[in-house]
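Derivation of every value follows stated rules applied to the coordinates shown; laboratory data play no part. On a predicted model such as this, the values are computed, not experimentally measured, just so you know. Positions of Cβ are backbone-derived with ideal geometry, glycine not excepted, and every protein chain shown enters the neighbour counts.
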Amino acid sequence: MNTDSFVGYEGIAPVGPEVNFTKISNTQLHKLGLKPGAGKMVDQLDDLWRDPPNIIIAKCLKSTGFVQNNFKHQTIRKKVHYVMGLGIYQQLVIDKRTGAKVLGPGQMKFRNLYRPYRGQNMDGKTILVWRTGGIGDLGFIQPNLRYLKQKYPTCKIWFACGPQYQAMVDNWDCIDLLLDLPFPVTHLQRADYHALFEGVIERCKEAHTTNAYHLFSRWLGLDLPDELLVPHNVPKEEKLVKCREVLKSWDVDEKGYIVLQLRASSPIRTPRPEMWRKVVNILTHRGHKVVITDSPRMGKMIDDFKGIVDKPEMVFNFAHHSETLDCTIALASLAKLVVATDSALIHLAASLGTPSFGIYGPFPGNIRMTTYKNSDWTDCQAPCSPCFLHGSQPCVKNVKGHGICYDNLNVQEMIFKIERLLNDKNNDDCQK
């Protein structure tokens with residue numbers, strides 16, 4: 001890698017609450033092409049349309065390498081202008097090793113180049129789509145892109161996202177070009193329309209009561225019906241082969257296990273291990289085999305968790321085998337049920353047609369799961385929930401870094417709903 005410096009950090013913060021606006025003066029905002037008050041909450045989606053999103057164009061002053069979310073080395077090149085969110089800008093603007101300035105305001109302003117897509121005819125046109133969010137956020141977008149590709153076969157769809165999600169997006173048949181974030185401004189200039197979703201969830205109070213799929217579809221001027229607002233993923237054959245080999249080595253049958261994801265990307269949406277222990281003990285005592293998945297770096301954590309459950313021989317750790325996201329996609333596609341907190345795995349299950357059960361605390365389940373078939377959820381109760389808090393900071397009333405609302409989970413009700421899902425699935429299979 002031919003760069004002047006290398007910046008390593010835990011992860012790039014998504015645009016929205018992760019941006020520390022207190023560290024950006026109004027003068028700096030103006031230089032970056034943003035107005036004072038950027039980042040404020042609005043009541044309705046229509047209010048977000050009135051101002052360009054909090055996206056900037058920055059000029060790279062010094063070629064620099066960095067690691068995004070501990071996943072992939074990326075490079076930004078000197079003299080090139082890049083499109084990015086404020087969170088990325090704040091983390092890369094200064095080389096933390098040397099103190100040298102890496103980025104500065106670009107000569108071009110995003111608001112002058114922004115051409116939002118609002119349902120225009122896409123015949124022969126190119127749309128550039130991006131979202132600085134997680135897997136669920138990308139899932140909220142995908143049904144709209146599949147619809148556009150089917151309605152306008154001659155259109156081109158360019159999609160930019162974090163490298164950790166590209167194993168999934170690369171398999172979407174509606175994408176013509178996959179880009180890293182941040183990306184050079186030339187891509188912005190070449191596209192006919194732009195579709196980004198900064199603030200649609202984080203800065204809009206309407207997101208507190210409206211399903212995210214409906215909001216994302218309305219943002220694009222499409223307003224698709226529920227039956228079209230389900231993401232679609234197809235597991236890669238080579239990952240299915242590997243997954244089946246691992247399951248066979250454990251003597252676990254296909255469609256004979258429940259997949260669990262114990263944590264979300266945010267601690268505020270992550271229950272304590274003690275809560276999961278109760279759930280796993282009931283499931284295994286009722287004869288269900290449980291496979292827990294996560295990234296490989298969480299493998300030891302899951303091994304430790306197995307040490308506190310009643311029947312560790314019924315619990316299996318897939319994290320050691322999940323090098324990339326498409327490995328977990330294959331695992332979920334072969335499961336009889338997915339159970340997870342408000343996290344990526346719930347949305348992946350829906351995209352694969354696997355029954356799913358979600359555990360919700362800071363957010364109510366209805367604003368995430370009402371478009372999904374063969375699914376259910378429970379809302380944990382607490383005086384302060386739902387709080388609608390985003391980001392990587394823990395709950396202000398946290399217990400060891402976890403949201404307190406999950407401690408009030410009604411486990412018996414949860415198990416009842418899970419077994420109802422499994423019985424419904426068995427009945428459907430018998431009818432077929």
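Calculate, for Arg244 and Asp407, the FRET efficiency according to 1/(1 + (r/R0)^6) with r their C-beta to C-beta distance and R0 35 Å; round to the nearest 0.05.
Numbers: r = 37 Å, r/R0 = 1.07.
Efficiency at R0 = 35 Å is approximately 0.40.
Mind listing the phi-derived Karplus ³J(HN,Hα) values for region 414-421, rounded to whole Hz, using 6.51, -1.76 and 1.60 with θ = phi - 60°, and x for any glycine or proline?
Coupling constants for region 414-421: 4, 5, 4, 5, 4, 5, 5, 4 Hz.
Please list, in chain and number order, the residues 5+ apart from Thr126 or on another chain whose amide H is under 5 Å from its amide H, with Hs placed from the backbone.
Lys156, Asp192, Tyr193
Between helix 237-249 and the chain, what is the angle of the helix's C-alpha long axis to the longest principal axis, kept within 0 to 90° and rounded to the nearest 10?
40
Work out how much length His208 to Asp310 would gain on full extension: take 0.36 nm times their residue separation and subtract the Cα-Cα distance, in nm to one decimal.
Extra length available between His208 and Asp310 comes to 32.9 nm.
Relative to the Cα centre, what is the charge dipole magnitude of region 237-431, using +1 at the beta carbon of each Lys and Arg, -1 at the beta carbon of each Asp and Glu, and rounding to the nearest 20 debye? Can you show the working numbers first?
Working: 24 positive and 23 negative charges, 83 e Å.
In debye, rounded to 20, region 237-431 gives about 400.
What nm value, rounded to one decimal, do you get for the distance between Ile415 and Thr27 when each label is placed 7 Å out toward the C-beta?
6.3
Need one number for region 92-221: average projected area of the convex hull over its C-alpha atoms, nm².
So the Cα hull casts an average projection of 9.3 nm².
Add -39500 (n - 2.57) for each DSSP H run of 4 or more in the chain, then divide by its residues: what number comes out at 222 nm, to the nearest 500 deg cm²/dmol? Show your work: numbers first, answer last.
Numbers: 15 runs with 134 residues, N = 432.
It comes out at -8500 deg cm²/dmol, rounded to the nearest 500.
Quick check: residue separation of Thr154 and Glu254 times 0.36 nm, minus the Cα distance between them. What number comes out in nm? Walk me through the numbers on the way to the answer.
Numbers: separation 100, 0.36 × 100 = 36.00 nm, distance 3.95 nm.
Contour length minus Cα-Cα distance gives 32.0 nm.
Show me the ranking of peptides 174-183, 41-50 by mean Cβ neighbours inside 10 Å, starting with the highest. Could you put the intermediate results ahead of the total?
Working: 174-183: 17.7, 41-50: 13.5.
Top to bottom by mean Cβ count within 10 Å: 174-183, 41-50.
Whole number please: convex hull volume per residue, Cα atoms of region 171-226, in Å³.
On the way: hull volume 7.4 nm³, N = 56.
Output value, Cα hull per residue: 132 Å³.
R0 = 22 Å: FRET efficiency of Asp192 with Asp47, Cβ-based, nearest 0.05? Kindly include the intermediate steps, with their values, before the conclusion.
On the way: r = 26 Å, r/R0 = 1.16.
With a Förster radius of 22 Å, E is 0.30.
Only sites in a loop by DSSP and with at most 14 other Cβ atoms within 10 Å count here; which trypsin sites (Lys or Arg not before Pro) in region 216-317 make the cut? Intermediate results must be reported in sequence, preceding the final value.
Values: sites: Arg218, Lys236, Lys239, Lys242, Arg244, Lys248, Lys255, Arg263, Arg269, Arg277, Lys278, Arg286, Lys289, Arg297, Lys300, Lys306; in loops: Lys236, Lys255, Arg263, Arg286.
Passing sites in region 216-317 are Lys255, Arg286.
Excluding the sites themselves, what is the longest stretch of the chain that contains no GluC sites (Glu not before Pro) in a DSSP loop with at most 16 other C-beta atoms within 10 Å? Write out the running numbers ahead of the final one.
Values: sites that count: Glu10, Glu254, Glu323.
Of all site-free stretches, the longest is 11-253.
Spin-label point model (7 Å from Cα, Cβ direction): what's the Arg297 to Glu274 distance in nm?
Label at Arg297, label at Glu274, 2.8 nm between them.
Quick query: amide H of Phe183 versus all other amide H atoms, modeled in the peptide plane; which residues come in under 5 Å with a sequence gap of 5 or more or a different chain?
For Phe183, the qualifying residues are Val83.
Would you compute, for the Cα atoms of region 237-431, the largest minus smallest coordinate along each principal axis and list the three values in descending order, in whole Å?
Answer, in whole Å and largest first: 44, 39, 30 Å.
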